[in-house]
Amino acid sequence: MKGFAKRYGFLAGALLLNICLWIVLPHAGRASLAFTGRNVIAFLVNMAPVFVCIGLLDIWVERETMVKIMGEGAGVRGATVSFLLGSVTALPLYALLPVAGILIKKGCRIANVLVFLCASASVRIPLLLFEIASLGFGFTAVRCGVNIVIIFLIAFLIDRVLTDKDREKIFGINGEGA
Amino acid sequence: MNTVFTLCLYGVTVILLIISFGKDKKKTRMALKRGWRIFVTVLPQFGAILLVMGMMLATAPPETIEIIMGKESGVRGLLAPAFLGAVAPVPVLIAFPVAAQLLQNGAAVMPVAVFVSTLTTVGFVTMPLEMRYLGKKVAWMRNLLALLFSFVSALAVGAALG
């Protein structure tokens, strides 16, 4: 029951809010559903290959391989791989959380998972040209340059603060059967 | 640009699927099933996030950003855009052109920079999902640090571009 509430609570709340919106402002309520409908389709189109890749990675990549590439002992190379993996994506951070989950399950270092997620949020190579076109080259260059440092800072600051118990918990929630 | 990314992603996925299928049909079917199961698990949360996004876009058109931004100057002038970026789950494809419009209309660089930064790195609406994968502690720390460093990044952009 608790799991059910956890899983559907947020969606139920959002739906309820949208129904209230519909009653108070019928036009906005309808517009919201229309927006959401269009977004859901775009989202499904964008996300379908991501989930196929998650499945393939889960089945084919051995835990040992992942640990070697992005695990505790992978060092600078592991962080670099995580950074590149994150920055080549053009999806919003929340959409990549299931990917983060599978990386954790396979034994990727937490700091590297954070590098991956933070890089995917602030240095998106496929969107760079779009950002330059909208906000200018100087803006984009400085923002990206500074953010590359920030990404690693955030990841390693959090990694330092985490206790072994915290780590166990995170690996636990993403473990087998999760 | 986003379309190019999507096409590349499809291309890579199809190639991987073909290789996988060639190697082991049963394992490939298992992989697809696994991906589907993970997708179904997170679907309600994704649905909720998209619904909040829809409500936001329906009640507050992108021009609202213009109203909220740029009333105050200095560091206080950065708080409203930072907060707006942190709570609004607006896709960058919509937000970047609005931000560009703001700059063209003479808005200061720093508030726009802090807005772009918090928009992409901080997500209070998506935090429940983040907690599900990273735990409460990491999700809170990541978002708060990202919020804090958004100011650093904005100050740098502001200092560099004046």
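The values are calculated or read from the model by the stated rules, or taken from the named source; none is laboratory data. None of the values given here were measured: they were computed from a predicted structure. Here the Cβ is made from the backbone with ideal geometry for all residues, glycine too, and neighbour counts use every protein chain on show. The area values use the complete protein model at the heavy-atom level, side chains included, leaving out ligands, DNA and RNA. Shrake-Rupley method; radii C 1.70, N 1.55, O 1.52, S 1.80 Å.
Some points to look at:
- Here is the figure for the range A:124-139: residues that are surrounded by fewer than 24 Cβ atoms within 10 Å (Cβ to Cβ), more than 7 Å from chain B (Cβ to nearest Cβ) and closer than 22 Å to B:L103 by Cα total 5.
- Selection within the range B:116-162: residues that are touching a residue at least 40 places away in the same chain (Cβ under 8 Å) and small (G, A, S). The member of this set that is surrounded by the most Cβ atoms within 10 Å (Cβ to Cβ) is B:S150.
- Extreme residue, farthest from B:M141 (Cα to Cα), among residues of the range A:140-161 that are at the interface with chain B (Cβ under 7 Å from one of its Cβ atoms) and either in contact with a His (Cβ under 9 Å, 6 or more places away or on another chain) or surrounded by 19 or more Cβ atoms within 10 Å (Cβ to Cβ) (or both): A:V142
- Count of the range B:1-22 residues which are more than 9 Å from chain A (Cβ to nearest Cβ) and of a type in the set (S, T, Y): 1
- Some residue of the range A:43-62 being under 24 Å from B:Q45 (Cα atoms), surrounded by fewer than 18 Cβ atoms within 10 Å (Cβ to Cβ) and either more than 9 Å from chain B (Cβ to nearest Cβ) or more than 19 Å from the chain's Cα centre (by Cα) (or both): yes
- For the range A:106-123, a residue qualifies if it is more than 8 Å from chain B (Cβ to nearest Cβ) and crowded, with 21+ Cβ neighbours inside 10 Å, and the qualifying residues are A:C108, A:R109, A:A111, A:N112, A:V115, A:F116, A:A119, A:S120, A:V123.
- Residues located in the range B:31-55, provided they are out of contact with any Asp or Glu (no Cβ under 9 Å at 6 or more places or on another chain), aliphatic (A, V, I, L, M) and over 21 Å from B:V125 (Cα atoms): B:L32
- Of the set (1) modelled with pLDDT of 90 or more; (2) outside any helix (DSSP H, G or I), all apply to A:C53 but (2).
- The range A:66-82, subset in a helix (DSSP H, G or I), at pLDDT below 90 and of a type outside the set (A, V, I, L, M, F, W, C), residue least open to solvent (accessible area, probe 1.4 Å): A:G75
- In the set A:L21, A:L85, A:L97, only one residue is more than 8 Å from chain B (Cβ to nearest Cβ), out of contact with any His (no Cβ under 9 Å at 6 or more places or on another chain) and either in contact (Cβ under 8 Å) with a residue 40 or more places away in the chain or buried (at least 18 other Cβ atoms within 10 Å of the Cβ) (or both); that residue is A:L85.
- For the range A:1-12, residues that are open to solvent by less than 100 Å² (accessible area, probe 1.4 Å) and more than 7 Å from chain B (Cβ to nearest Cβ) total 4.
- Test: residue in the range B:58-80 that is modelled with pLDDT of 80 or more and facing chain A (nearest Cβ under 8 Å): yes
- Residue pairs meeting the criteria (Cβ under 9 Å; at least 6 apart or on separate chains; first more than 7 Å from chain A (Cβ to nearest Cβ) and within 24 Å of A:V61 (Cβ to Cβ), in the range B:27-49; second charged (D, E, K, R) and part of a helix (DSSP H, G or I)): B:T41/A:R7
Rundown of residues vs (1) facing chain A (nearest Cβ under 7 Å); (2) under 20 Å from A:A90 (Cβ atoms); (3) touching a strand residue (DSSP E or B) at 6+ places or on another chain (Cβ under 7 Å), yes/no style:
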{"residue": "B:A107", "(1), (2), (3)": "no, no, no"}
{"residue": "B:T118", "(1), (2), (3)": "no, yes, no"}
{"residue": "B:M127", "(1), (2), (3)": "no, no, no"}
{"residue": "B:M141", "(1), (2), (3)": "yes, no, no"}
{"residue": "B:L147", "(1), (2), (3)": "no, no, no"}
